[in-house]
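Structure record follows, encoded as C-alpha cells.
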Amino acid sequence: MVDIDNTIRSYLGSKYRLVGIKILNEIPKDFNRPKKPLRHCQMVREAALGKTFTYDAKDLSCPNAELALGFVEPKYVDVEPRIKPSNTKAVRVGPVEGADVVLAIVTPKQLMDLAVISGGISAQFKGEIAVCGEATAKVFMEGKPNITVLCNGARILGEYKDSELIVSLPYDDAKKIAEKIVTLEKKGGALCGCLTSDIPKQIILSLKDNGFEKGTDYFFGRIDDWDVRIYLDKDQGGRYDRITIHVPVKGEVKAQKPFTVRKRGNWSDVTGTFEPEEIGINLNSGENLKETIRALIEKNVKME
Amino acid sequence: MEFTNKYKGYTIVNPLMTGGILPEDIQKNLCNEEWLRVGYSLCFNCLEGRSSLVTKPSVKDHLQKIAEFFGGDVAEHTFGCRAAQFAVMHTVRELAKEGSYSDTIIADPNSHYTTNIAAEMNGLKVTEPPHSGYPEYNYTAESFADKIDEVKKDTGKLPALVVVTHVDPYYGNLAPVKEIGKICEEKEVPYMVNAAYTGGILPINIKELKVDFLTLSAHKSMASLGPLGYLVTTFEHSKKVFQTSKQRPDWSGRAFGKKIPNIFGCSVGGIPLISSMLSFSHVKKRVQSWETELEKTRRFADDMEDLGGIMLLGQNPHNHHLLHFETPGLWEISQKHKRKGFFLSEELEKRKINGVHKGLTKHIKISVYGLDKEEIKRIGDAFREIADKK
C-alpha cells in the first residue's frame with residue numbers, strides 16, 4: 001500500500017508531515033490531549049512537526065473551532081463552514097491512515113505542484129475560520145479538496161509563516177495523488193526516465209489511432225503492403241514543422257518526385273518530406289493522415 | 001542470504017558490456033592472486049597519496065602507456081567515463097568563469113546522458129547541432145562550425161567546449177571526429193571526444209584527430225571491471241585539468257598537495273584498475289583486429305535483417321559493434337504473447353543468451369563483439385526461432 005505521507009512529502013520536498021484529521025462521533029477510549037488548551041490550527045501545525053493529538057472541546061481554546069468542527073451547534077449566529085449536525089465528540093489530529101481529511105502545509109510553489117498533479121483544485125476561502133472551517137469542516141462535509149490562505153488567528157497564534165498555506169484533501173483524494181506520484185516516478189515517460197523525443201502526446205495518440213506505433217522518435221506501421229515510417233522533422237529552433245514519410249524497401253524500388261530513393265546497405269529508402277498543411281494532414285487530429293499517405297505512395301512509388 | 005549469479009555461463013550480447021568482458025585468464029588471475037581480497041589491493045605501496053602515482057605495481061607506467069596508446073601525453077584514471085567528462089567540464093567552466101569562453105558548450109545530438117549531466121553539474125548550457133533524423137541519425141562536421149559561429153554571435157564568446165561522442169550509445173554511429181577536430185582547431189575551441197564505446201575497440205590517436213580531451217570507459221570498451229574510466233589529454237591541457245589541490249582549511253592548516261580535485265582527489269585503487277592493467281596487452285592486440293570484428297558484425301546485421309520485420313537503424317553499412325535494430329516484427333509477436341514485451345528477453349534467456357533490454361521489443365540493441373563464429377550463429381538461430389513463432 002502506498003505511504004501517502006512519505007510519497008506526497010517527498011514529491012513536494014516538504015519538511016512538514018501531512019496531517020490527518022479524523023472526526024470522532026463517539027468518545028474515544030484514550031485521549032492524547034494537549035498539555036493546555038490550544039487552537040485546532042495550532043495542533044495541526046504541531047502535528048505537521050511530528051506530534052499527535054486526540055482531543056475534545058475542553059482542549060480547544062478557540063470558540064470558532066468548537067463551532068466549525070461540530071462540537072456545538074451555534075445558538076445565535078450561524079458559522080460557515082462547519083460540520084453539521086454537530087455530533088463531534090473528539091478529533092484526532094496527526095495520523096494520515098484512517099483520517100477523514102488530510103492537510104498539507106505548503107508554500108505557493110508546492111501548492112502549484114499539487115495542483116498540477118491533481119489536475120486542478122477549486123478553492124473557496126475568505127481568510128476566516130480557516131484551518132478548522134475551510135480546511136477541515138468544508139472538506140469533511142463536501143468531500144472535495146480546498147485551499148485556505150489561513151486566518152489571522154492561525155498566523156498570529158498558530159505561528160504559521162506568511163509564506164504558508166494549507167491544502168486540504170479528502171483521504172481518498174490524497175491516496176489517489178500519492179498513487180499517481182508513484183506511477184509517474186516509475187514511468188517518467190520511459191522506464192529509464194529518459195525521453196527519446198518531445199513529440200506532443202496528442203500527435204502520438206492521433207498517429208496511434210491511424211495505426212502507427214511510436215518507436216524511439218518516429219512511428220512505424222503498414223499501409224497496404226508497404227512498411228511505412230513517419231518522422232517529424234524539426235527546424236533549427238527545435239519546432240516540429242515537417243513530416244517525412246519513409247518507405248524502407250529491401251531491394252530495388254522506383255519513386256518519383258516528391259519522393260526520392262537512396263540506397264542504405266541492403267535497403268532502398270524512399271523518402272518524402274512535406275509540410276503537413278501542404279498535403280492536407282492535421283497531425284493533431286490525425287485527419288486524412290492514412291488516406292493521404294496511401295495516395296502519395298500509390299501515385300509515386302513502384303516496386304521494381 | 002543466498003546470492004547467486006543467474007547468468008553464469010550465458011552469452012552476453014549487451015553492447016554496453018561486450019567490449020568490457022574480461023579474458024578468462026585474467027578472471028582467474030584476479031581470483032588466484034587474491035586481488036579480490038580487499039578493495040585497496042593496489043595501495044600497500046602507495047607512498048605519494050594518489051593511486052596514479054603508485055609504482056609497485058606500476059600504475060604510473062600503466063597510465064603513461066594508456067596516454068601513449070591513445071596518442072596523448074598524460075592520462076589519469078577516473079571513477080568511470082562520466083568522472084572523466086566531469087573533470088573536463090569543470091576545467092572549461094573555470095575558463096568560462098574567467099571570461100575566456102561562453103558558458104555554453106556544443107554537444108552532438110546523440111550524446112550520452114552523462115555528457116549532459118556533467119555539463120549540468122558544472123553550470124554549463126548545452127546546445128546541439130541537428131541530426132538527420134530517421135533512419136540514420138547522422139550529423140555533419142560543418143554543422144559544428146555553424147554552431148560555434150552561432151554561439152559566438154549569441155554570447156559574444158566562443159563555446160567553452162565541443163563534445164563529440166565518437167560512437168554514440170543509441171545508434172552506434174561513428175562520428176566525423178577528425179573533421180570536427182579540424183574545425184575546433186581552426187576556431188580555437190577546446191575539443192573533447194567521448195570514446196566510451198570505442199577506446200579499446202578501434203584505433204584512436206588524439207593528436208591525429210586534433211582532440212584535446214579523450215574520455216574512456218574501461219568497463220565498456222577496455223575489457224575491465226568497473227567503474228573505471230580514463231581521461232587522456234595533452235601537455236597543453238594536463239596542467240589545468242589535472243591541477244593538484246591548492247586549498248588549505250583555515251584552522252588545522254592541513255594541505256592535500258598531491259590530490260587532484262577534478263578527479264575527486266585520488267581515484268580507483270582496487271580491482272577495476274587492476275583488471276584494466278592486466279587486460280591492457282589484450283586490448284592493444286584486439287584493436288588491431290577491429291576490421292575483422294567489424295566484418296563479423298556487418299554479416300550478423302545482414303542475417304538479422306533477412307529474418308524479416310527487422311531493420312538496422314543508424315549508419316548502414318555499420319561502423320561499430322553496437323547494432324540498433326527496429327523490430328516491429330518482434331513487437332507484433334509480443335502483442336499476442338502472454339508475457340508481452342518480456343517474451344523476447346525470456347526466450348533468449350531460455351537459450352542462455354542475455355543482455356537485450358527487458359520489456360522492449362520495438363527496438364533492440366545488440367552486439368556480437370568478441371564472439372566466435374559459432375556463437376554468433378547460435379544467436380542468429382535463436383532470433384530465427386523466435387521470429388518464426390509469428
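Of everything listed in (1) among the aromatic types (F, W, Y); (2) in contact (Cβ under 8 Å) with a residue 60 or more places away in the chain; (3) closer than 14 Å to B:V189 by Cβ, the single unmet condition for B:F79 is (3). Tallying residues that are crowded, with 20+ Cβ neighbours inside 10 Å and either of a type in the set (F, W, Y) or at pLDDT 95 or above (or both) within segment A:155-176 yields 9. Total residues in segment B:84-139 satisfying the condition of being more than 14 Å from chain A (Cβ to nearest Cβ) and of a type in the set (S, T, N, Q): the figure is 6. Do the conditions hold for B:T198, that is, is it buried (at least 21 other Cβ atoms within 10 Å of the Cβ) and modelled with pLDDT of 95 or more? Yes: the conditions hold for B:T198. All of (1) out of contact with any Gly (no Cβ under 8 Å at 6 or more places or on another chain); (2) within 14 Å of another protein chain (Cβ to nearest Cβ); (3) closer than 27 Å to B:H219 by Cα; (4) not small (G, A, S) hold for B:F69 with one exception: (2). Name every residue in segment B:56-71 that is outside any helix (DSSP H, G or I) and either within 15 Å of B:S275 (Cβ to Cβ) or not assigned by TED's automatic domain parsing to the domain that holds B:A195 (or both), in order of residue number. Across segment B:56-71, the qualifying residue is only B:P57. Within segment A:239-263, the residues that satisfy the criterion of being in contact (Cβ under 8 Å) with a residue 40 or more places away in the chain and either over 19 Å from A:E278 (Cα atoms) or at the interface with another protein chain (Cβ under 9 Å from one of its Cβ atoms) (or both) are A:V247, A:V249, A:G251, A:E252, A:V253, A:K254, A:A255. Residues that are within 24 Å of B:N262 (Cα to Cα), modelled with pLDDT of 95 or more and not in a loop (DSSP other than H, G, I, E, B) do occur in segment B:38-51.
For segment A:181-221, enumerate the residues that are at pLDDT below 85 and either assigned to a loop (DSSP other than H, G, I, E, B) or within 13 Å of chain B (Cβ to nearest Cβ) (or both). Answer for segment A:181-221, where residues must be at pLDDT below 85 and either assigned to a loop (DSSP other than H, G, I, E, B) or within 13 Å of chain B (Cβ to nearest Cβ) (or both): A:K186, A:K187, A:G188, A:G189, A:A190, A:L191, A:C192, A:G193, A:C194, A:L195, A:T196. Looking only at segment A:65-80, residues that are in contact with a strand residue (DSSP E or B) (Cβ under 9 Å, 6 or more places away or on another chain) and not small (G, A, S) come to 3 in all. Among the residues of segment A:5-27, the ones that are modelled with pLDDT of 95 or more and surrounded by fewer than 15 Cβ atoms within 10 Å (Cβ to Cβ) come to 3 in all.
Say whether the condition of being touching a strand residue (DSSP E or B) at 6+ places or on another chain (Cβ under 8 Å), within 28 Å of B:Y113 (Cα to Cα), among the acidic types (D, E) and surrounded by 13 or more Cβ atoms within 10 Å (Cβ to Cβ) is met by at least one residue in segment A:218-230. No, that holds for no residue. A:V228 meets the conditions (1) more than 18 Å from B:E305 (Cβ to Cβ); (2) within 13 Å of chain B (Cβ to nearest Cβ); (3) among the hydrophobic types (A, V, I, L, M, F, W, C) in every case but one. The failed one is (1). Restricting the first residue to segment B:372-390 and requiring it to be closer than 14 Å to B:E347 by Cβ, which pairs with a second residue that is of a type in the set (G, A, S) meet a Cβ separation below 9 Å and a spacing of at least six or different chains? Sorted first by the residue in segment B:372-390, then by its partner, the pairs are B:A387/B:G308; B:A387/B:G309; B:A387/B:G329; B:K390/B:G308; B:K390/B:G309; B:K390/B:G329.
Against the conditions (1) charged (D, E, K, R); (2) touching a residue at least 40 places away in the same chain (Cβ under 8 Å); (3) surrounded by fewer than 14 Cβ atoms within 10 Å (Cβ to Cβ), where does B:E94 fall short? Just the number, please. Every listed condition holds for B:E94 apart from (3). Checking A:V131, A:V102 one by one, the residue that is assigned by TED's automatic domain parsing to the domain that holds A:V44, touching a His at 6+ places or on another chain (Cβ under 9 Å) and surrounded by 20 or more Cβ atoms within 10 Å (Cβ to Cβ) is A:V131 and no other.
The values are calculated or read from the model by the stated rules, or taken from the named source; none is laboratory data. Keep in mind that this is a model prediction, so the values were computed, not measured. In this analysis, Cβ positions are derived from the backbone assuming ideal geometry, glycine residues included, and neighbour counts consider all displayed protein chains.
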